[in-house]
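Just passing along the structure, written as structure tokens.
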């Protein structure tokens, strides 16, 4: 895995969120688990409300995983899915907003076969410790570029994993 290091200003997102055990209904990369259901719900509302979202940057999706202090080892997770906006103004009632802080990111692009073969676990257990990089915040972003992500079942689909670093 060869990351690129980038610096980003604040990332302003609007979307929907979930807190709980996302794998209770189905495990892994499945549209049947709570994450897949959250994306379906968000996508439906987004299509209906897209024209009312001011300052939309693009249709590309963000999935943010936030670890709360003291809950890192539980099955409960906080997950946000949404899209980027240039600034918050008249956000549709169905959406919440998240502002990710200015920071550097180690960005790792992975294709679906690598992801499904435990690529994300390797990111945390092998790659990050080997690089000596330290995280700057307790979250990770999965970026679904609408040009590179072609669906979970397409082996050519690519997702960028953005890890905030110091």
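Each reported figure results from applying straightforward, stated rules to the coordinates on display, with no laboratory input. Just so you know, these numbers come straight off a predicted model, no measurement behind them. All Cβ positions, even for glycine, are placed from backbone atoms using ideal geometry, and neighbour counts span all protein chains on display.
With angles folded into 0 to 90 degrees, how steeply does helix 34-49 sit against the dominant principal axis of the chain? Use alpha carbons for both and round to 10.
For helix 34-49, the angle is close to 30 degrees.
To one decimal place, what orientation-averaged projected area in nm² is obtained for the convex hull of the Cα set of the chain?
9.6
Per DSSP H run of at least 4 residues, take -39500 (n - 2.57); add these up for the chain, divide by its residues and hand me the 222 nm value, nearest 500 deg cm²/dmol.
Result for the chain: -3500 deg cm²/dmol, rounded to the nearest 500.
Any chance you could run the full-extension gain for residue 97 through residue 2? It's 0.36 nm times the residue separation minus the Cα-Cα distance, nm to one decimal.
31.1 nm
Ranked highest first by the average count of other Cβ atoms within 10 Å around their residues, in what order do 96-104, 44-52, 77-85, 56-64 fall?
Ranking the peptides 96-104, 44-52, 77-85, 56-64 by packing returns 77-85, 56-64, 96-104, 44-52.
Given Cα pairs under 8 Å that are at least 6 residues apart, what percent is the relative contact order of the chain?
Taking the mean separation of contacting Cα pairs over the length of the chain, I get 30 percent.
If I stretch the segment between residue 48 and residue 104 completely, what's the gain in nm (0.36 nm per residue apart, minus their alpha carbon distance), one decimal?
Working: separation 56, 0.36 × 56 = 20.16 nm, distance 3.38 nm.
The residue 48-residue 104 span can extend by a further 16.8 nm.
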